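The values are calculated or read from the model by the stated rules, or taken from the named source; none is laboratory data. Because the structure is predicted, anything quoted here is derived from the model rather than measured. When we count neighbours, we look across all protein chains shown, and the Cβ atoms used for this are built from the backbone with ideal geometry, even at glycine.
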Amino acid sequence: MSRIGKKPVPIPAGVTVAIDGGELRAKGPKGELAMRLADEIRYEVEGNEIRVTPANDGKRARAFWGMQRTLVSNLVTGVSQGFTKVLEISGVGYRASAQGSTLKLQLGYSHDVEYALPEGVTARTPDQTTIEISGADRQKVGQVAAEIRRWRKPEPYKGKGIKYRGEFIFRKEGKKK
């Protein structure tokens with residue numbers, strides 16, 4: 001039995017959820033999202049909650065149960081509150097600035113890196129060394145953060161690079177004489 005799958009997903013005020021044609025649609029203040037429904041799982045909207053249960057006793061249905069409940073929960077949370085990832089830049093001369101739908105990064109290369117943000121994702125730079133990426137779709141927000149981080153991963157000797165807020169960078173000791 002899935003401990004996560006047994007919990008119903010609460011629907012907050014201001015969010016509408018509808019199941020039609022093998023698709024779950026959620027609409028809220030942060031936008032509208034949809035996801036395809038798995039055949040092995042049964043979804044029921046009862047009042048102000050969504051129940052996710054396996055349709056049969058098969059191994060595949062039990063394996064999908066908890067994951068599908070989490071995906072539904074992320075969909076509802078995304079349209080009601082949204083998701084945010086914070087990146088921190090450290091290094092001499094490394095900085096970032098958000099300009100509309102592009103993010104301009106200076107990361108020690110001979111050129112500036114200009115990253116075009118996909119639709120539904122926004123970036124803010126409260127200061128030159130912090131990037132806040134936010135949006136309704138959790139997968140998109142995480143993917144954008146990972147792609148930005150890939151330009152300059154934190155190195156283990158001085159810790160220079162782009163890291164997630166709260167991420168621990170394992171530090172190595174330098175050469176000894």
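Residue-by-condition table, conditions (1) on the phi > 0 side of the Ramachandran plot; (2) out of contact with any helix residue (DSSP H, G or I) (no Cβ under 9 Å at 6 or more places or on another chain); (3) at pLDDT 95 or above:
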residue: 101; (1), (2), (3): no, yes, no
residue: 120; (1), (2), (3): yes, no, no
residue: 132; (1), (2), (3): no, yes, yes
residue: 145; (1), (2), (3): no, yes, yes
residue: 163; (1), (2), (3): no, no, yes
residue: 175; (1), (2), (3): no, yes, no
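Among residues belonging to the range 71-87 that are farther than 17 Å from residue 48 by Cα and β-branched (Val, Ile, Thr), point out the one that is surrounded by the fewest Cβ atoms within 10 Å (Cβ to Cβ).
Only one residue tops the list, namely 84.
Assuming residue 33 fulfils every condition listed in (1) in a strand (DSSP E or B); (2) over 19 Å from residue 142 (Cβ atoms) apart from one, which condition is it?
In the conditions (1) in a strand (DSSP E or B); (2) over 19 Å from residue 142 (Cβ atoms), residue 33 misses (2) alone.
Under 9 Å between Cβ atoms, at least 6 apart or on separate chains: pull out the pairs that start in the range 116-134 with a residue that is in contact (Cβ under 8 Å) with a residue 12 or more places away in the chain and end on any residue that is of a type in the set (Asp, Glu) and part of a strand (DSSP E or B).
122/132; 123/132; 124/132; 125/132; 129/88; 130/88; 131/88
Checking the structure you have, find out if any residue of the range 88-98 is polar (S, T, N, Q), within 22 Å of residue 2 (Cβ to Cβ) and surrounded by 13 or more Cβ atoms within 10 Å (Cβ to Cβ).
No: zero hits.
Counting only residues that are in a loop (DSSP other than H, G, I, E, B) and among the polar types (S, T, N, Q), which one in the range 36-56 is farthest from residue 136 (Cα to Cα)?
Selected residue: 56.
Given the structure, is residue 17 of a type in the set (Val, Ile, Thr) and touching a helix residue (DSSP H, G or I) at 6+ places or on another chain (Cβ under 8 Å)?
Spelling it out, residue 17 is indeed of a type in the set (Val, Ile, Thr) and touching a helix residue (DSSP H, G or I) at 6+ places or on another chain (Cβ under 8 Å).
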